[in-house]
Amino acid sequence: MTPNTHHTANTPGWVDVDGPHIVTSRFGFDDSFTLARFEATGGYAGLRAALDRTPADVHTEVREASLLGRGGAGFPAGVKWGFCPPAVWPRYLVVNGDESEPGTYKDRLLMQRDPHQLIEGSLIACYALGLSQCFLYVRGEMALAQERIATALNEAYAAGYVGKNILGTDFSVDIILHWGAGAYIVGEETALIESLEGNRGMPRLKPPFFPAAIGLYGKPTIVNNVETLANLPWILLNGATEYKKFGSDTSPGTRLFAVSGHVARPGVYEIEHGVTTFRELIYGERFCQGIRDGHELKMFIPGGASAPWFFPEQLDLPLEAKPVGAAGSMLGSGAIVVMDDTTDAVRACLRVVRFFARESCGKCTPCREGTTWEETVLRRILDGKGRSADIDMLLDIGDNISPGPYPVAANEAEGQTAVPFPPRQTTICPLGPSSVAPITSAIRRFRSEFEAKIVLPETIPVAAAVHPATSELAAAAHGEGGHR
Amino acid sequence: MSRFNADNLIVAESIIRRYPVAKSALIPLLHLAQEQDGYVADDAMAHIAELVGVTPAEVVGTCTFYEMFKRHPVGTYVVNICTNISCLVLGGEELLHHAEKSLGVRAGGTTDDGLFTLEDVECIAACTEAPCLQVNYRYRYRLTTDDFDELIDGLRTGRITDVPHHGVLARIRQQIADDRLAGVVAPELATEAPVWLAASDAGGAGS
């Protein structure tokens, strides 16, 4: 292993730290993406180990490893695999490499730096479940990842690892490189399938369209995240028991966390899952080394733009789905965005909301209309054109997208308790509800910052705002003198 | 030129053959059209419709959903500056404003010489390297305003040569030799469990 203390020219962003290297074991090599390097460092040994066992056995091993999906929802992969109805064929694998959640930066590294590891993981899944074709969907904007995967697939086909009669067995599967064209929503698994069918990437209603039952072309389809699949070669080579020695009981193995924003050493870190706390990761010497000089932590997003915000009081939570959920947010896609005391909460809130407004696919009314209004109202507050009623209006718009108390962190100073994750939703997918996260987080914690930006009088006189003709009609409808 | 030329037609046909249902090739083919012309022309969409057996309207429907597809000519270099949250807090918006001034166009605009189109984009997954941008989907990290000017100058003078013209994504294509192809499985024809599964698990439950 080549030592790599900080950013290498080839892997900007990845920071090597002591500890298990399950998915980043080759990142320190300049040629980590080549077949030669892959084979020289144990590559395709996990596939060979899988092919020596029955498919059902391989599935059992993955289920026992309790490998949690790394795309955001954190559902156990082995259990998800079991949702394919028996005796319905063909079944497909779709690899979700459409990484676009703001703050998230890990799947791109895995695709660029170790494409063969992803191919090997995909092959293991296909073998275990009898999947007859695999589509590797890479985000459109990731040109280098596409080149590296294309090269790796060409090498792997020629060497007999992919395609017909893999390694001389009767296991045959094609892996097709597919790529998107710029749409965050396509990271949602049913939208991904729509996109792969050549359509506009709009999510499907679940039920009935659970991909494992009715997926690509209406057939059972497993959709797995890149990082999830990248873990499989190690698990097959070393076994579930070894895998579970890392991480916590409920979140075994390691996980990639991308820490960005106002930290001294931002980076993508492979750390044991469920063990480290946010404080250790953000302040630890081994990791991000604290907030940049002379500043204090104001807030952080623990799991990508969709996650409600955390504050200094939540720093001692472990990086594990359950406690983070109970505390009012989610670990999501492993993206931690750190913001210090120079950050304008309203501006940060607007920017995240603008993202959801731009990326709403437009299928569900509460999201299509709601996110647009959220952005409009926030922008006028930031521009000094807000009214004091606007703050509650923002919360009200959010309540129409995601009814009921929205997940939020505790605020002990104000005597407010946490509302646990997840939110309720009036939409098909969670995009709309995600837009509510920055609003409730920021208003509940920094309401005074919103109020400070509101300088106009509370209301506009109604008479001045109503057209005379409208007033007359209203008066007629309400009888004499009934309306002003 | 906007229908596929002879070389690209061969590429297009090989892409279509990889999918169980031809319409799945639609997005890759739109990229191929954009690679050929720098944008997606109406004639190209009509040609794609013929090739995959759908109506031109369906191709337009898909094309217009995805923001990478440009339906009108854009600059040789499309410069996408990220202003999403991780970049915002480290100067992404300031970088964008500098770019607007320096290029003399607002985000969304193209310079008069047709060289640069500037865009204000969402997260491009390089958050630890903020503020960042892409030129024709090639990354540049941790940029200062001086770095930006140097980049533009390098592209303008031809000193920077590793950025292809707009529309070119991966410069390496997937190639599958006929004798290595496992075989495309049409959803309605493949009704049996795959051989390796059937051999090990007579019931074909596969779970």
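The values are calculated or read from the model by the stated rules, or taken from the named source; none is laboratory data. Please read these numbers as outputs of a predicted model, since none were measured by experiment. Virtual Cβ from ideal backbone geometry, glycine too; neighbours counted across all protein chains shown. What goes into the accessible areas is simple: the full protein's heavy atoms, side chains included, and nothing from ligands, DNA or RNA. Shrake-Rupley method; radii C 1.70, N 1.55, O 1.52, S 1.80 Å.
Results, tabulated for the structure shown:
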{"item": "Listed residues B:Ala41, B:Val21, B:His31: farthest to the positive end of the dipole of region B:6-71 (Cβ charges)", "result": "B:Val21"}
{"item": "DSSP beta bridges in the protein assembly as shown [antiparallel fraction, %, rounded to 5]", "result": "45 percent"}
{"item": "Charge dipole (chain A, unit charges on Cβ, about Cα centre) - positive-most of A:Ala73, A:Val259, A:Tyr283", "result": "A:Ala73"}
{"item": "Contact order relative to length of region A:345-453, as percent, for alpha carbon pairs under 8 angstrom and 6 or more apart", "result": "34 percent"}
{"item": "Span-rule helices in chain A, defined as complete DSSP H runs reaching 24 Å or more along the axis (Cα) with Kyte mean at least 0.0", "result": "none"}
{"item": "Distance in nm between pseudo-label sites at B:Val60 and A:Val79 (7 Å out along the Cβ direction from Cα)", "result": "4.7 nm"}
{"item": "Sequence-separation-based contact order of chain A, relative, with Cα cut under 8 Å and 6+ spacing, percent", "result": "14 percent"}
{"item": "Crossing angle, helix B:26-37 versus chain B [Cα axis fit, 0-90 degrees, rounded to tens]", "result": "40 degrees"}
{"item": "Accessible-area value, A:Met393, 1.4 Å probe, nucleic acids and ligands omitted, Å²", "result": "80 Å²"}
{"item": "Cα pair count fraction exceeding 14 Å, expressed as % - region B:81-156", "result": "56 percent"}
{"item": "Interface area, A with B, accessible, probe 1.4 Å, both sides summed, Å² nearest 100", "result": "6700 Å²"}
{"item": "For A:Gly328, residues with placed amide H under 5 Å, excluding near neighbours", "result": "A:Phe421"}
{"item": "Alpha-carbon Debye profile of region A:254-332, log10 I(q)/I(0) at 0.13, 0.17, 0.26, 0.27 Å⁻¹", "result": "-0.34, -0.59, -1.47, -1.58"}
{"item": "Column: log10 I(q)/I(0), Debye, Cα scatterers of chain A, q = 0.10, 0.11 Å⁻¹", "result": "-0.76, -0.90"}
{"item": "Within chain B: Cβ-based charge dipole about Cα centre, in debye rounded to nearest 20 (Lys, Arg +1; Asp, Glu -1)", "result": "280 debye"}
{"item": "Lysines with Cα under 16 Å of B:Lys101, excluding same-chain neighbours fewer than 8 positions away", "result": "none"}
{"item": "Equivalent-ellipsoid semi-axes of region A:345-453, from the Cα gyration tensor, Å, largest first", "result": "21, 18, 10"}
{"item": "Scaled radius of gyration (Cα, divided by 2.2 N^0.38 Å) that region A:310-371 gives", "result": "1.38"}
{"item": "Alpha-carbon centroid distance for the pair region A:392-449 / region A:107-156, whole angstrom", "result": "37 Å"}
{"item": "Translational D in µm²/s for chain B (Stokes-Einstein at 37 °C, 0.692 mPa s, Kirkwood Rh from C-alpha pairs)", "result": "167 µm²/s"}
{"item": "Label point at A:Arg379 placed 7 Å out along Cα→Cβ; residues across region A:340-367 whose backbone nitrogen lies under 14 Å", "result": "A:350-359"}
{"item": "Relative contact order computed over region A:35-243 (Cα-Cα under 8 Å; 6+ residues apart), in percent", "result": "31 percent"}
{"item": "In region A:150-238, GluC sites (Glu not before Pro) in a DSSP loop with at most 15 other beta-carbon atoms within 10 Å", "result": "none"}
{"item": "Of A:Lys322/A:Lys453; A:Lys106/A:Lys164; A:Lys106/A:Lys298, those spanning more than 29 Å from alpha-carbon to alpha-carbon", "result": "A:Lys322/A:Lys453; A:Lys106/A:Lys164"}
{"item": "Charge context of A:Gly43, other residues only, Cβ under 15 angstrom, K/R +1, D/E -1", "result": "0"}
{"item": "Charge tally in the Cβ shell below 15 Å around A:Pro407, where Lys, Arg are +1 and Asp, Glu are -1, A:Pro407 excluded", "result": "+3"}
{"item": "Sulfur and carbon atoms: percent of accessible area, the protein assembly as shown [1.4 Å]", "result": "53 percent"}
{"item": "Choice from B:Asp113, B:Asp37, B:Asp178 showing the highest fluctuation, given a GNM over chain B with Cα pairs closer than 10 Å", "result": "B:Asp178"}
{"item": "Paramagnetic reach from A:Ala158 (point 7 Å along Cα→Cβ, amide N under 16 Å) across region A:33-71", "result": "A:33-39"}
{"item": "Value of D in µm² per second that Stokes-Einstein yields for region B:6-71, Kirkwood Rh from Cα pairs, at 4 °C (1.567 mPa s)", "result": "112 µm²/s"}
{"item": "Stokes-Einstein D in µm²/s, Kirkwood radius over Cα pairs - region A:35-243 at 37 °C with 0.692 mPa s viscosity", "result": "195 µm²/s"}
{"item": "Qualifying trypsin sites (Lys or Arg not before Pro) in region A:226-312, DSSP loop, other Cβ atoms within 10 Å at most 13", "result": "A:Lys245"}
{"item": "Electrostatic dipole magnitude of region A:60-105 [Cβ: Lys, Arg +1; Asp, Glu -1; Cα centre; debye, to 20]", "result": "200 debye"}
{"item": "For region A:101-164, convex hull volume per residue from C-alpha positions, Å³", "result": "94 Å³"}
{"item": "Net charge dipole size for region B:1-90 [Lys, Arg +1 and Asp, Glu -1 on Cβ; Debye, nearest 20]", "result": "200 debye"}
{"item": "Computed E for B:Asp153/A:Arg48 - FRET, C-beta separation, R0 41 angstrom, nearest 0.05", "result": "0.20"}
{"item": "Crossing angle, helix B:92-103 versus chain B [Cα axis fit, 0-90 degrees, rounded to tens]", "result": "70 degrees"}
{"item": "Positive-end extreme of charge dipole, the protein assembly as shown - chosen from A:Ala158, A:Ile124, B:Gly108 (charges on Cβ)", "result": "A:Ile124"}
